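Here is the structure we will look at.
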There are 2 protein chains.
Amino acid sequence: MTKKDQSEKRVCSVSHRGCVSMVPIFNHLDTLQMEEIMETVQAHSFKRGELIYRAGDTSDVLTIVNKGSLRIYRLSESGKEQLVRVLKPGEFTGELALFNETVHENYAEAMEATSVCQITRASLQKLLIKYPSISLKILQALSSRLDESEQQAAQFSTESTEQRLASYLADLLVEDDQSAIVTLPLTKKDLASYIGTTPETVSRKLKELEEMQLIRRISSSKIEILDEEKLLFL
Amino acid sequence: MTKKDQSEKRVCSVSHRGCVSMVPIFNHLDTLQMEEIMETVQAHSFKRGELIYRAGDTSDVLTIVNKGSLRIYRLSESGKEQLVRVLKPGEFTGELALFNETVHENYAEAMEATSVCQITRASLQKLLIKYPSISLKILQALSSRLDESEQQAAQFSTESTEQRLASYLADLLVEDDQSAIVTLPLTKKDLASYIGTTPETVSRKLKELEEMQLIRRISSSKIEILDEEKLLFL
DNA sequence: CGTGCAGTTGAGGAATCTCAACCGACGTGG
DNA sequence: CCACGTCGGTTGAGATTCCTCAACTGCACG
């Protein structure tokens, strides 16, 4: 075993443990059960830009982010890319191929050095049968993601780009709390893709919001929210 | 008991049985288990225009359509309405409030005389624990709905109104199969809301597609698809 | 020090919305 | 049975939003 292999191994085992213990869908179980689960999951690491899966893949594993972040995106018929969501530690993806035996429709790409845990369909099904409470957790996660996604679709169809950008910024605030300064977790390009517009328009709209005294641009990725109310009721 | 009550009763009991037996999430169970489930669900009927639930409600039941159809829609901040989906017999809604103990974000309205079966959180949880395979069915349904919703969001953000309308029409085709004549299941108004545009634009775009020889309007709700290929690759 | 990429700015044009008028089907009340 | 109002749908004209293309800046990296 080479030196590289050893360090790989060490990383894996650490992430392994970290993974399971922090995952919302498992964290109601006791230590013994955790141990059992740890034996069924596989840890993997990806470098920035590497794909975890791509549209058309059939791999039937559930992928849970342990460290880092994943970009989930789609390509439209016309080749344009839309950012669907960003997965942070504790969140998972791959449910479509796993529960429906169909191919992936999305692409999952590591945004930075990212480690994940993967569990195969067979193992998961065994776990679900044995510990039905895990199903409930997954149902919770899926139904709230469904709701978010439907809300996003509704926003696309009923609200202007300006409103979508504004409520995106306001949403960042509630998560950060305390300070009125939010940090954009995405490049402007990804942000544009996420809210369904172009980088140029994002740039212009941010400028407009600033002129309206609703926000203040501090640095390229830091924005101070001056008036959350007005931001939401544009 | 009045005559009206009796007929109500009869309708309920029929729909009751019909409901459970045709629901995809239950239909892998045997007759005995079906009987058990039937005792835990409640049948209800709604007239056209009645609301099953509204945004802000906390009711914690899963609602499964038995006969008829439900419009699920949202209201944006600005009061505009977006049609999220139409539920046909066998499909369900209410999962958000049920699994997450939050309030409904959507409205569910009967589009015609509609009968549904409802199962409470408590009953469903018991069933899920007792028959874990039901969870798998629900997970399947939710993950594929999630996928549809994400696809819809992606289409909103990357494709033109014309393309969205075209692929909506093409999608109708695969379901009907055989004949190239599709029947619009929605009013133009609802269709517009569903694909995120206005009735005026739908009308104009249909005209354009007809001029391009891609479709032919037969009656107000019947359309012949002349060139599915071109329709998809607009 | 060049090259490349993210971001910004400007100008022009295309897509789509809004408002308003009009048509036809339908149901209601006189 | 007819007149009327309502509603869904269509059409037109003008306004608006947003995209596209192109030029330019600043920054990171080799």
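The values are calculated or read from the model by the stated rules, or taken from the named source; none is laboratory data. Nothing here was measured: the structure is a model prediction, and the numbers come from that model. All Cβ positions, even for glycine, are placed from backbone atoms using ideal geometry, and neighbour counts span all protein chains on display. For the accessible areas, the whole protein counts, side chains as well, though only heavy atoms, and no ligand, DNA or RNA atoms are used. Shrake-Rupley method; radii C 1.70, N 1.55, O 1.52, S 1.80 Å.
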Next item on the list: Return yes when A:LEU128 is buried (at least 18 other Cβ atoms within 10 Å of the Cβ) and not assigned by TED's automatic domain parsing to the domain that holds A:ASN66 and no when it is not.
Entry: no
Notebook entry, point to check: When only residues in segment B:173-194 that are part of a helix (DSSP H, G or I), without any contact (Cβ under 8 Å) to a residue 24 or more places away in the chain and away from DNA strand D (no atom under 12 Å from the Cβ) count, which is farthest from A:GLU150 (Cα to Cα)?
Noted result: B:ASP176
Notebook entry, point to check: Which of the residues that make up segment A:1-54 are open to solvent by 40 Å² or more (accessible area, probe 1.4 Å), modelled with pLDDT of 70 or more and in contact with a Cys (Cβ under 9 Å, 6 or more places away or on another chain)?
Noted result: A:GLN42, A:HIS44, A:SER45
Margin query: Regarding segment A:63-82, can at least one residue be identified that is within 14 Å of chain B (Cβ to nearest Cβ), within 22 Å of A:ILE195 (Cα to Cα), loosely packed, with under 15 Cβ neighbours inside 10 Å and hydrophobic (A, V, I, L, M, F, W, C)?
Written below: no
Next item on the list: State the number of residues belonging to segment A:180-210 that are within 7 Å of DNA strand C (Cβ to nearest atom) and open to solvent by less than 20 Å² (accessible area, probe 1.4 Å).
Entry: 2
Next item on the list: Within segment B:164-179, count every residue that is of a type outside the set (D, E, K, R) and open to solvent by 40 Å² or more (accessible area, probe 1.4 Å).
Entry: 3
Next item on the list: Kindly provide the set of residues from segment B:195-225 that are of a type in the set (A, V, I, L, M) and either within 10 Å of DNA strand D (Cβ to nearest atom) or more than 14 Å from chain A (Cβ to nearest Cβ) (or both), ordered by number.
Entry: B:VAL202, B:LEU206, B:LEU209, B:MET212, B:LEU214, B:ILE215, B:ILE218, B:ILE223, B:ILE225
Next item on the list: With the condition kept exactly as written, say whether any residue in segment B:89-105 is at pLDDT below 90, more than 7 Å from chain A (Cβ to nearest Cβ) and over 20 Å from the mean Cα position of the chain (by Cα).
Entry: yes
Check: Of all residues in segment B:131-160 being outside any helix (DSSP H, G or I) and more than 7 Å from chain A (Cβ to nearest Cβ), which is most open to solvent (accessible area, probe 1.4 Å)?
Finding: B:SER160
